[in-house]
Amino acid sequence: MSYKRTSGENIKNAIEPEIIRSKRKTLSLEVKRDGKVIVRAPLRISIKEIRAFIDKHEGWIEKQLQKIAESPKEDILSLSDNEIRILSEDAKKYIPGKVEYYAEKIGVTYGRITIKHQKTRWGSCSSKGNLNFNCLLMLTPPQVVDSVIVHELCHRKHMNHSEKFYAEVLKAYPDYYKWDKWLKENGRRYIIT
């Protein structure tokens, strides 16, 4: 479902946010590197409320689009299938030990660990405690790998991104924000291969 602004409204020329509804409780906005605007919304919220939310954040959207337009083209890594296979094998040897270490430190259990080559995510945690990690993490600094592992393990206590969740993350890994910022600023050149 998408919301298209009519002519005469402030955000001009083909900005057509995609609306993704789920069982979440709050509205959120995301501007992708390709300029696509995504609104994530609770299932029962009205289109009128979503439009008001978009209008309220119009300046922020325009600012993000401007940043994208002005940013230099990134030097994207190009990896062969064999290189990705080697990264996956390395990750399967390295990541489980780190997961075990931090799970004990945080005081949580976990299920299956899966290593994949993913195009959009660095890691995820299912409601059953199964963990998925991107093999491309092996291209990033070790501190980034730790920060992603801690992030996913802390979802075993809080399946959200609340203040309590981040308090758990920082308790286990005080430098989390530093390396999360690094990943946000540099991760794209690794994840798009």
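Can you name the residue in the range 43-63 that is of a type in the set (A, V, I, L, M) and part of a helix (DSSP H, G or I) and is also nearest to P17 (Cα to Cα) among such residues?
So, considering only residues that are of a type in the set (A, V, I, L, M) and part of a helix (DSSP H, G or I), the one nearest to P17 (Cα to Cα) is I54.
If you take the residues in the range 134-163 that are closer than 19 Å to Y110 by Cβ and of a type in the set (D, E, K, R), which one is surrounded by the fewest Cβ atoms within 10 Å (Cβ to Cβ)?
K157
Those residues that are modelled with pLDDT of 95 or more and touching a strand residue (DSSP E or B) at 6+ places or on another chain (Cβ under 9 Å), I need them from the range 91-120; list them, please.
Those that are modelled with pLDDT of 95 or more and touching a strand residue (DSSP E or B) at 6+ places or on another chain (Cβ under 9 Å): A91, K92, I95, P96, V99, Y110, G111, R112, I113, T114, I115.
What is the number of the single condition among (1) farther than 27 Å from L27 by Cα; (2) touching a Leu at 6+ places or on another chain (Cβ under 8 Å); (3) surrounded by 14 or more Cβ atoms within 10 Å (Cβ to Cβ); (4) touching a residue at least 24 places away in the same chain (Cβ under 8 Å) that I113 does not meet?
For I113, the exception is condition (4).
The values are calculated or read from the model by the stated rules, or taken from the named source; none is laboratory data. As the structure is a computational prediction, the values presented were derived from the model and not from experiment. We place every Cβ from the backbone using ideal geometry, glycine too, and count neighbours over all the protein chains shown.
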